[in-house]
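Shown next, in structure tokens, is the structure this report addresses.
The values are calculated or read from the model by the stated rules, or taken from the named source; none is laboratory data. Predicted model, so just to flag it, every value in this text is computed and none were measured. With ideal geometry, Cβ positions are generated from the backbone for all residues, glycine too; neighbour counts draw on all protein chains shown.
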Amino acid sequence: MGIFLRSLLCVSLLLLCALAPAFKNGKLSGTVTDSEGTPISRAVVIIHWDSSGSTVGLESNVGLGEDVRLQTGQLGAYFVDIPPGFYDVFVSAQAFSPSCRKVRDRPDSVSTFGPKLKMDPLVFRELD
């Protein structure tokens, strides 16, 4: 490959990179509590990207290829860096009814979802 073609290729790649949108991650956090406000440790949080906006050209809906699964800490808190986009956030814990919400994560911002989980009636009846 001649020096001219290499130079042209390098300039083309640099131009392509400069024109490509640069998305910074946002953050998603929350504290999972029971209906009385007591933190729930070891609650499971699953973050699932909703790609529907990207299929119609919404460039800020970058998202993730795979679901993120994590657990809350001892104080019921969770925190994760994720690309901007729309996400379904599912939260569940033993003996509690699960909760879900659609959250929009924006670049350089913190989105929050801190549900108050209620004791599941089926489990509550069994414990009585």
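Quick look at the numbers
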read-out	value
Residue that is surrounded by the fewest Cβ atoms within 10 Å (Cβ to Cβ) [pool: residues in segment 75-102 that are more than 12 Å from residue 113 (Cα to Cα) and among the aromatic types (Phe, Trp, Tyr)]	86
Unmet criterion (only one of (1) part of a loop (DSSP other than H, G, I, E, B); (2) touching a strand residue (DSSP E or B) at 6+ places or on another chain (Cβ under 6 Å); (3) modelled with pLDDT of 95 or more) for residue 73	(2)
Test: residue in segment 61-74 that is of a type in the set (A, V, I, L, M), within 14 Å of the chain's Cα centre (by Cα), closer than 12 Å to residue 29 by Cα and surrounded by 15 or more Cβ atoms within 10 Å (Cβ to Cβ)	no
Elements of type strands (runs of 3 or more DSSP E) contained in segment 78-128, each with 1 or more residues being closer than 23 Å to residue 64 by Cα, basic (Lys, Arg) and touching a residue at least 24 places away in the same chain (Cβ under 8 Å)	99-105
Number of positions in segment 5-57 that are assigned to a loop (DSSP other than H, G, I, E, B), farther than 22 Å from residue 120 by Cβ and at pLDDT 65 or above	2
